[in-house]
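One structure below.
The values are calculated or read from the model by the stated rules, or taken from the named source; none is laboratory data. Since we're looking at a predicted model, the values are computed, not measured. In this analysis, Cβ positions are derived from the backbone assuming ideal geometry, glycine residues included, and neighbour counts consider all displayed protein chains. Just the protein is used for accessible areas: all its heavy atoms, side chains included, with ligands, DNA and RNA removed. Shrake-Rupley method; radii C 1.70, N 1.55, O 1.52, S 1.80 Å.
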Amino acid sequence: MSPQIKYAYKRHNTWIYRRTYPKALQPILGSALKQSLKTSDATQAKLRVAELNQTFTTLIKEAQAHAAATPLTVTPPDIPTAAQAPRLGVTRPRYQRARLVGDGLVAELAQAYLTEASERLRPGSYKSVRFALSLLTSHLGNEQVGALTQAQGREVLGYITQLSPNVRKYREGKDAGLAELATLSQEHEASTLAPQTQARILKQMSQFLDWCVGEGELETNPWAALKVKDRPEVNPHGMLSDEQVRILLSAKDRVLHSALLFGLLTGMRSGEICGLMAEDVTAKGNLGRFISIRPNRVRLLKSKAAEREVPLHDILENLLDATLPTSGRLFP
């Protein structure tokens, strides 16, 4: 037999709060305050009834004050609708159903994680995290996060080590899942992602599971011990040969020539060059002119460490004086 709780009753294994308003205030408030307590536990229900009793008392006080300030005499045809009724500054408590640890789906939690990450990461870093989690959710998105095992982690890592750098560029790879991408990679290319990239993808997946632990969705991270077998090594970026540079510059492309010179003589990244503004150029007396590489209204930088000042070669100073715009973007 269910225990008795004043102002609450149990229906379909869920406690419901109901308390009738005084008749004099019913034209303002309606007949009763009714709300699901979102629990089947009597102890939890008693605590929530106490909270709603306080809300009920506050509602009565505000409604009485409103009635005293604006005397209300209504006949039945003039009873105000809910939309016309006065608004009182009282917020009723909201409750959520209890959920067991680990019941959340990987896809739903990943979406919440990405929403949070988008607010704290720069675009380049966020894009990398989004790619890693898209691989994870394509393979295990419908799994409960608490059901993930280390064996599944090893399976995911095995697929990651088979991916090629260009697999997403294939038409068949646009909407393919992780396992399909691994198969496509083996069919189309002999090369695979560098161990450093494989380790980064695995780390971003593991950081998501660490976040789940912090949010109370998991007790421990089941993939914490997983590692890429090949030793990740930082490789220098590939550079154009002198002959390739001569070919590009001798073409004197109307749109790209000036930007190519900036890249060659300053070492700036392509995204940094495309976002340059005339206002980023500063003169420093007999030291010449410098470019301040910093976030602006056109683009952000890849990281905080990318902010710097770069001295300009004489050739670039001549370009600024003779060819490039004096305001706005240098390479629109």
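Here are a few things to note about the model shown:
- Computed across segment 130-212, the Kirkwood hydrodynamic radius from all distinct Cα-Cα pairs reaches 13.0 Å.
- Once the convex hull of all Cα atoms in segment 229-332 is built, its volume per residue stands at 147 Å³.
- Probing with 1.4 Å while keeping every protein chain in the model, the per residue accessible area of the chain equals 63 Å².
- Helix 42-69 and the long axis of the chain differ in direction by around 80°, with both axes built from C-alpha atoms.
- Mean separation of Cα contacts under 8 Å (6+ apart) over length of segment 8-69, as relative contact order %: 30
- The peptide list 140-148, 321-329, put in order of mean Cβ contacts within 10 Å with the highest first, becomes 140-148, 321-329.
- Cut-off 10 Å between beta-carbons: net charge of the residues surrounding Ser164, Lys and Arg +1, Asp and Glu -1: 0
- Local electrostatic count at Gly177 - Lys and Arg +1, Asp and Glu -1, tallied over other residues with Cβ under 15 Å: -3
- Gain in span if fully extended, Ser118 to Gln196, counting 0.36 nm per residue against the direct Cα distance: 25.7 nm
- Given +1 at the Cβ of Lys and Arg, -1 at the Cβ of Asp and Glu and no other charges, the dipole of the chain around its Cα centre is 1560 debye to the nearest 20.
- Solvent accessible area, Å² - Ile293, 1.4 Å probe, full protein context: 0
- Nearest-ten-degree value, helix 178-188 long axis tilted from longest Cα axis of the chain: 20
- Dipole of the chain, positive end: most advanced residue of Ser258, Leu240, Val49 [Cβ charges, Cα centre]: Val49
- For Lys304, the solvent-accessible surface computed with a 1.4 Å probe is close to 140 Å², ligands and nucleic acids excluded.
- A dipole drawn for the chain from +1 and -1 charges on Cβ atoms has a positive end, and of Ser292, Gln35, Gln64 the residue lying farthest that way is Gln64.
- Over all other residues within a Cβ to Cβ distance under 12 Å of Lys6, the charged ones net out to +3, with Lys and Arg as +1 and Asp and Glu as -1.
- Short-range pairs are left out: with C-alpha atoms under 8 Å and at least six residues apart, the relative contact order of segment 242-323 is 23 percent.
- Considering only Ala179, Leu25, Ile315, the residue lying farthest towards the positive end of the dipole of the chain is Leu25, judged by Cα position with unit charges set on Cβ.
- Given the alternatives (1) 113, 46, 33; (2) 91, 55, 35; (3) 164, 51, 41, Cα extents along the principal axes in Å as computed for this entry is given by (2).
- Computed from Cα positions, the angle between helix 150-160 and the longest principal axis of the chain comes to roughly 40 degrees.
- Sorting Cys274, Cys212 by accessible area puts them as Cys274, Cys212; the probe is 1.4 Å, largest comes first, and only protein heavy atoms count.
- Carbon + sulfur, % of accessible area of segment 106-215 - ligands and nucleic acids excluded, 1.4 Å: 47
- Cα-derived Rg to Rh of segment 274-332, Kirkwood definition: 0.96
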